[in-house]
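Input: a single structure, listed below in structure tokens.
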Amino acid sequence: MRRRLAAGNWKMHGLADSLAAIADLSAAHPDPACDIVICPPATLIHRAADLVLGRAVSIGAQDCHAEDAGAHTGDISAPMLRDAGATTVILGHSERRADHGETDAAIRAKTHAALRAGLLPILCVGETLAQREAGETLGILSTQLALSLPDEARDHAIVIAYEPVWAIGSGLTPDPDQISAVHAHIRAEMSARFGTEMAGATRILYGGSVKPANAASIFAAPDVDGALVGGASLREPDFSPIIAALCASC
Ligand code: PGA
């Protein structure tokens with residue numbers, strides 16, 4: 001059985017006073033039937049991790065460098081994130097691909113770094129609207145998975161997040177049956193490369209405009225093991241009903 005996962009991606013949002021939202025979330029879900037992780041900006045990771053110590057909520061990061069240490073001004077390595085209290089790291093988000101020119105090869109190196117450091121990678125893949133309209137969705141996802149997953153993933157837990165670029169922050173989502181079809185494709189690709197056991201254990205999240213109003217229908221779709229939530233994860237009153245819908249679907 002795959003334990004379902006609700007992951008919040010705060011992106012470049014959050015100052016010290018936002019820690020209250022993490023405290024509220026953690027208090028609202030003392031013993032959830034699913035895993036919960038919040039990925040705040042790097043500046044809050046240490047304080048957030050202290051805040052949730054011994055609680056059900058864990059803390060993740062939104063990116064890491066491919067090397068463990070070195071002359072890379074402004075970058076943060078996977079061992080540093082682990083040292084600060086992160087358990088998880090989002091990698092390959094489409095905003096990083098677009099804003100920082102991250103290639104699949106760069107994401108593969110980062111994913112390997114995360115695994116070396118003992119972090120759980122949440123690897124994001126997804127098609128643009130033009131690619132979807134051209135009927136290229138499954139092919140694009142196959143390529144992204146093939147090039148951005150290192151061979152070392154075989155021996156580790158890893159999470160894949162299917163995030164159609166056109167659904168992120170737009171209020172648009174694919175139909176639940178379209179999400180299921182894509183997730184089944186991702187699992188088949190994982191199975192072909194890493195074997196059925198690893199593929200069966202891999203959690204596949206959906207991300208892109210998940211809200212309290214659409215969460216239950218998305219979580220009822222076969223092969224959806226949780227969600228990567230952006231905007232609706234910033235406030236406890238928005239994220240809690242999504243977590244409740246996920247736990248109710250377990
Ligand atoms: P959204 O973002 O929920 O605000 O659409 C999702 C994401 O980018 O992970």
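For the range 204-217, the tally of residues that are within 11 Å of the ligand (Cβ to nearest atom) and either of a type in the set (D, E) or not in a helix (DSSP H, G or I) (or both) stands at 7.
Here I179 fulfils each of the conditions (1) surrounded by fewer than 21 Cβ atoms within 10 Å (Cβ to Cβ); (2) without any contact (Cβ under 8 Å) to a residue 60 or more places away in the chain apart from (1). One residue stands out among those in the range 145-195 that are assigned to a helix (DSSP H, G or I), among the polar types (S, T, N, Q) and under 30 Å from W10 (Cβ atoms): the one that is farthest from the ligand (Cβ to nearest atom), which is S180.
The number of residues in the range 114-131 that are over 19 Å from W10 (Cα atoms) and either more than 16 Å from the ligand (Cβ to nearest atom) or in contact with a His (Cβ under 8 Å, 6 or more places away or on another chain) (or both) comes to 7.
Listed conditions (1) touching a strand residue (DSSP E or B) at 6+ places or on another chain (Cβ under 9 Å); (2) more than 29 Å from A153 (Cβ to Cβ) are all met by T202, apart from (2). Residue-level analysis places D151 outside the set of residues that are surrounded by fewer than 21 Cβ atoms within 10 Å (Cβ to Cβ) and within 28 Å of A245 (Cα to Cα).
Quick check on the range 196-203. Is at least one of its residues at pLDDT 95 or above and within 16 Å of the ligand (Cβ to nearest atom)? Yes, the conditions are met somewhere in the range 196-203.
Counted as qualifying within the range 82-142 are the helices (runs of 4 or more DSSP H) with 2 or more residues that are of a type in the set (A, V, I, L, M, F, W, C) and touching a residue at least 40 places away in the same chain (Cβ under 8 Å), namely 104-116. Considering only residues that are touching a Ser or Thr at 6+ places or on another chain (Cβ under 6 Å), farther than 26 Å from S94 by Cα and touching a residue at least 60 places away in the same chain (Cβ under 8 Å), which ones fall in the range 18-77? Listed by number, the list holds a single entry, A28. Residues of the range 26-72 that are of a type in the set (S, T, N, Q) and assigned to a loop (DSSP other than H, G, I, E, B): Q62 alone. Inspect all residues belonging to the range 218-240 and state whether any of them is among the acidic types (D, E), within 16 Å of the ligand (Cβ to nearest atom), surrounded by fewer than 23 Cβ atoms within 10 Å (Cβ to Cβ) and over 14 Å from the mean Cα position of the chain (by Cα). Yes, because at least one residue in the range 218-240 is among the acidic types (D, E), within 16 Å of the ligand (Cβ to nearest atom), surrounded by fewer than 23 Cβ atoms within 10 Å (Cβ to Cβ) and over 14 Å from the mean Cα position of the chain (by Cα). Among the residues of the range 32-43, those identified as surrounded by fewer than 22 Cβ atoms within 10 Å (Cβ to Cβ) and under 18 Å from K11 (Cβ atoms) are P41, A42, T43.
The values are calculated or read from the model by the stated rules, or taken from the named source; none is laboratory data. Computed from a predicted model, the values in this text were never measured in an experiment. No Cβ is skipped: glycine too gets one built from the backbone with ideal geometry, and neighbour counts run over all protein chains shown.
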